[in-house]
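Novice: Okay, handing you the structure first.
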Amino acid sequence: MLLFGFSAPRAHNKHCLCCSTLALLTCLLPPVQASSESSTPPTSAVGKSLLQVKTSGQFGVDPVSAETSSPFLQVLDDPNAILTAKFYVYDDLDWMSMRCAGFSVAELLGDNVYEGGNGVEDDFFFMKSALRHPLRTLNPNEAVLFVVPALLNTLGNFMPVQALAGKCVNRTGNCNCCVRSTERQLCNEDLLTHTERLLEQSSWFQRGQGRDHVIVCSAPSCFYWREPLQGVKFVHGFRNLQMCNSISFEENSLRLQRCRIASTYVGTACPPQAKNFTSVMVASMKGRRGGAEARKDVCTWLNNDPSVAACGEGPQCPALALAKFGFHVRGDTWGSKRLIDTILSRTVPIFTHNEQYAVLPPYVPWEDISVFVDISDKARFDSSYKEILPYYEEKRMAVESNAHLVDWETLSPFEHYMGLFQQCAASLP
């Protein structure tokens, strides 16, 4: 994900008011040293045991080290399991009626996956799935899992940032995200405080201290749970929220003895096109953590190749859908919305760093639906790029079969995440 220098939203997307917020929030993070690990293809069966791939602990993401990967893998006995138990959604507030900067969340995020977003709208789409899923129960005594419907990613896009002198950073200058309760209108931090107190008073939360509760907090602002920045208060300090299992930003770990499972990002498909080109990479060439240089290298090495649909900045569609393979090169972090855009456009993703696998959720067979190209130098790039080409048809079929797993317009992502949290609830102390 490119956290610095977000591309501007498309002109027709008039409601994309907060696309640049997380960019500025996360630029406040201290710089991190680039990894010295070589970009060699992973040797583990990623689709079966993704979490055996180790990260280097960069960008604020806890490393899946020997200390954490073993218990996490024990908790997740079957990464492919889907939800089978009933769940309850707290209904004290109508979070889906929330308005930010004067717009409803439906207007901001759309009834379908919208173009121009930053990929962390999964709080909204997770809730949409929860509210319409057949295993939802209105009787909390029947529930095995409990969904806390706080739209934390959306709040993280809008709330004022104290490190910026209390200013908000969306384009309207309106920092408020508000939901009306039975008594009054709650905005911003009051919504967090309300949810914290709700959990404090909930007998269902207290009986297991949150081990069967689920939230979505996968925006980069949720970094502050781990390494809070001076003067920035988002969710850090709200103990009960932290004691819920969560879909998290590029993290697979057992932190605070709760499951943190990496988000997929919310992607956008390009309309189908004939695959007349071999490869493509549409990405920002800006950044401050090494990703920009890696992307520039790839475009330099592909220079003047007529089989390349596009390489560099520019419109993602239709280029992404025109190519057989799409490069997934790190930006400021290992992950990127572009990976999901690629899969939804039925283009085979090209991974370029080992660490990219470890910041993805374990229920998707990533190795099966991707190829790997070594971009550590031009010679290795040329050699490995040629080696992937004969595997296109096999990988294309795998992408076609598994794209629904990352398509938030279906129930599949919700059912798989909840299947993982169901295992967590049964196994955590």
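The values are calculated or read from the model by the stated rules, or taken from the named source; none is laboratory data. The shown structure was predicted, so the numbers you read here are calculated from the model rather than taken from an experiment. When we count neighbours, we look across all protein chains shown, and the Cβ atoms used for this are built from the backbone with ideal geometry, even at glycine.
Novice: Determine whether the range 405-426 contains at least one residue that is touching an Asp or Glu at 6+ places or on another chain (Cβ under 6 Å), hydrophobic (A, V, I, L, M, F, W, C) and closer than 24 Å to V89 by Cα.
Specialist: Yes: one or more hits.
Novice: For Y88, all conditions in the list (1) at pLDDT 85 or above; (2) under 26 Å from N153 (Cα atoms); (3) part of a loop (DSSP other than H, G, I, E, B) hold save one; what is the number of the exception?
Specialist: Tallying (1) at pLDDT 85 or above; (2) under 26 Å from N153 (Cα atoms); (3) part of a loop (DSSP other than H, G, I, E, B), Y88 fails exactly one: (3).
Novice: Among the residues of the range 183-198, write down those that are within 15 Å of D94 (Cβ to Cβ) and touching a helix residue (DSSP H, G or I) at 6+ places or on another chain (Cβ under 7 Å).
Specialist: Looking only at the range 183-198, we keep the residues that are within 15 Å of D94 (Cβ to Cβ), and these are 183-187, 191, 194-195, 198.
The answer is L186, L191, T195.
One line per residue, one yes/no per condition, for (1) under 22 Å from the mean Cα position of the chain (by Cα); (2) more than 26 Å from A269 (Cα to Cα):
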site: V373; (1), (2): no, no
site: S376; (1), (2): no, yes
site: S383; (1), (2): no, yes
site: L389; (1), (2): no, no
site: E393; (1), (2): no, no
site: V399; (1), (2): yes, no
site: D407; (1), (2): yes, no
site: P413; (1), (2): yes, no
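Novice: Something else now. Taking the range 278-292 only, how many residues are more than 19 Å from S384 (Cα to Cα) and of a type outside the set (K, R)? Steps first, please.
Specialist: Within the range 278-292, the first condition is being more than 19 Å from S384 (Cα to Cα), and the residues that meet it are 282-292.
In the following step, the residues that additionally are of a type outside the set (K, R) were identified as 282-285, 287, 290-292.
Summing the residues that are more than 19 Å from S384 (Cα to Cα) and of a type outside the set (K, R) in the range 278-292 gives 8.
Novice: Out of curiosity, is S336 within 23 Å of S218 (Cα to Cα) and in contact with a Phe, Trp or Tyr (Cβ under 8 Å, 6 or more places away or on another chain)?
Specialist: Details: within 23 Å of S218 (Cα to Cα): yes; in contact with a Phe, Trp or Tyr (Cβ under 8 Å, 6 or more places away or on another chain): yes.
In short, yes.
Novice: Okay, next question. Condition first: over 24 Å from V373 (Cα atoms) and of a type in the set (A, V, I, L, M, F, W, C). Now tell me which residues in the range 392-413 satisfy that. Spell out how you get there, then give the answer.
Specialist: Quick first cut of the range 392-413, residues over 24 Å from V373 (Cα atoms) only: 404, 407-413.
W408, L411, listed by residue number.
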